[in-house]
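Each remark here refers to the structure printed beneath this line.
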Amino acid sequence: MSISYNLKNLDIAKTSKSFDMISQLAPIAKYCSGKFGSEMSFTAELGKDMFPLLETLSAKGNVSTDAVEIEQFQPLNEIAAKLYDWRAGEAVHR
């Protein structure tokens, strides 16, 4: 069995809202704006019951993005504030 896909120019926020799996695997996606693409291929042998034999499963792929912006994500806001303080020579030690 061989399966592959190639998706291009998907909206990150809309995809996150539409597919629960995306929001669970990448919860930061709901704070992102921009486009992404993904390409994957899977191969596996099938058993007598026509289900893939997991020990033979092989997969490869990638995810690509272009000009992604992340807004209102509190952990990154806190890191940005610390970096700003550090660059200004006012590092905060807590």
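The values are calculated or read from the model by the stated rules, or taken from the named source; none is laboratory data. Note that this is a predicted model, so its numbers are computed, not measured. Positions of Cβ are generated from backbone atoms using ideal geometry, with glycine treated the same way; all protein chains shown enter the neighbour counts.
Quick notes
- In the stretch 63-94, residue surrounded by the most Cβ atoms within 10 Å (Cβ to Cβ) [restricted to those that are at pLDDT 85 or above and part of a loop (DSSP other than H, G, I, E, B)]: PHE73
- Being surrounded by 11 or more Cβ atoms within 10 Å (Cβ to Cβ) and either in contact with a Leu (Cβ under 8 Å, 6 or more places away or on another chain) or of a type in the set (Phe, Trp, Tyr) (or both) is a property that PRO52 has.
- The requirement of being in a strand (DSSP E or B), surrounded by 13 or more Cβ atoms within 10 Å (Cβ to Cβ), out of contact with any Gly (no Cβ under 8 Å at 6 or more places or on another chain) and not aliphatic (A, V, I, L, M) is fulfilled nowhere in the stretch 15-30; no residue meets it.
- Some residue of the stretch 35-46 being modelled with pLDDT under 90 and surrounded by 10 or more Cβ atoms within 10 Å (Cβ to Cβ): no
- Only one of the numbered conditions (1) surrounded by 12 or more Cβ atoms within 10 Å (Cβ to Cβ); (2) in a strand (DSSP E or B) is violated by ASN6, and that is (1).
- Cβ pairs under 7 Å, 6+ apart, first in the stretch 42-62 and in a loop (DSSP other than H, G, I, E, B), second surrounded by 12 or more Cβ atoms within 10 Å (Cβ to Cβ) and polar (S, T, N, Q): ALA44/THR56; GLU45/THR56
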